[in-house]
Amino acid sequence: MEFKISELEREPIEFDLELLPGAIDFGEEAEQAGDLATSGRAEVLHEHRGPKEIVADIRLRGKFAGNFQVPCARCIEPVEIPLAADFDLIFRPVGADAGPPERSITAPETEIGYYQKDSLLLEDVLREQVLLSLPVRTLCKPDCKGLCPRCGVNRNTQPCNCDENQSDPRWEALHELRGRIGS
């Protein structure tokens, strides 16, 4: 769904959608499992920066809820995670805050997003909000054994026959040096 400044200037837009899996590409970080429900309101806010300079910001308030699958941090098996969150965001036209190339920004400026070509895509906003809502590290179970670093077998489903005491060949030179020093 696209929110255009010209349409928002006339009146705010209310939305209530169910997005099917695949409508938004979440990359390798997550996969949508089932519909993604979202609802809210988009409106334009006029920021007066002087007698003749007015910046048209888009304020997007809403919420989303859906189920997602993310890979386990140890064994990469999919783990289902329900997500739900509210958002209240401000988007400004690209270039509206142009100034010196290097300057420090204030804390409120870190909360502002930018839109291009006089419109904003809801799907882009939802993608960002979902990815920000995901846990940093997900495990399929607290005692997940993970993958064997040598053969790659999932140690949760089958035992591994690799020798755990086998030394890494990159350390052989140090072992030889230790032997020479000890003699």
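Can you give the helix-only mean residue ellipticity at 222 nm for the chain, where every DSSP H stretch with n ≥ 4 adds -39500 (n - 2.57) and the sum goes over all residues, rounded to the nearest 500 deg cm²/dmol?
Theoretical 222 nm ellipticity from helices: -4500 deg cm²/dmol.
Take every Cα pair under 8 Å in the chain that's 6+ residues apart, average their separations, divide by the length, and report that relative contact order as a whole percent.
RCO, the chain: 19 percent.
How far apart, in nm, are the 7 Å Cα→Cβ label points at Thr157 and Glu11?
5.4 nm
Which GluC sites (Glu not before Pro) in the range 16-83 pass both tests, a DSSP loop state and at most 10 other beta-carbon atoms within 10 Å?
Sparse-neighbourhood loop GluC sites (Glu not before Pro): Glu28, Glu53.
Taking 0.36 nm per residue of separation and subtracting the Cα-Cα distance, what length does fully extending Arg61 through Arg49 add?
2.0 nm
Long-range amide H contacts for Ala33: which residues qualify at under 5 Å (H placed 1.01 Å from N, peptide plane, sequence gap of 5 or more or a different chain)?
Long-range HN contacts for Ala33: Asn67, Phe68, Gln69.
Rounding to the nearest 10 and keeping the result within 0 to 90°, find how far the Cα-based axis of helix 122-133 lies from the longest principal axis of the chain.
The helix 122-133 is inclined about 40 degrees to the chain.
Could you work out the longest stretch of the chain that avoids the trypsin sites (Lys or Arg not before Pro) located in DSSP loops with at most 12 other Cβ atoms within 10 Å?
Counting only loop sites that pass the neighbour cut-off, the longest clear stretch is 53-102.
Expressed in nm to one decimal, what extension gain is obtained for the pair Met1 and Leu132 from 0.36 nm per residue of sequence separation less their Cα-Cα distance?
Numbers: separation 131, 0.36 × 131 = 47.16 nm, distance 2.04 nm.
Extra length available between Met1 and Leu132 comes to 45.1 nm.
Provide the gained length on full extension for the span Ala23 to Arg41, in nm with one decimal, where the gain is 0.36 nm per separating residue minus the Cα-Cα distance.
4.5 nm
Stokes-Einstein at 25 °C, 0.890 mPa s, Kirkwood radius from Cα pairs: D for the chain in µm² s⁻¹?
Translational D for this selection: 118 µm²/s.
Every read-out reported here was derived from the displayed coordinates using simple, explicitly stated rules and does not represent laboratory data. Predicted model, so just to flag it, every value in this text is computed and none were measured. Please note: Cβ atoms are built from the backbone with ideal geometry, for glycine as well, and neighbour counts cover all protein chains shown.
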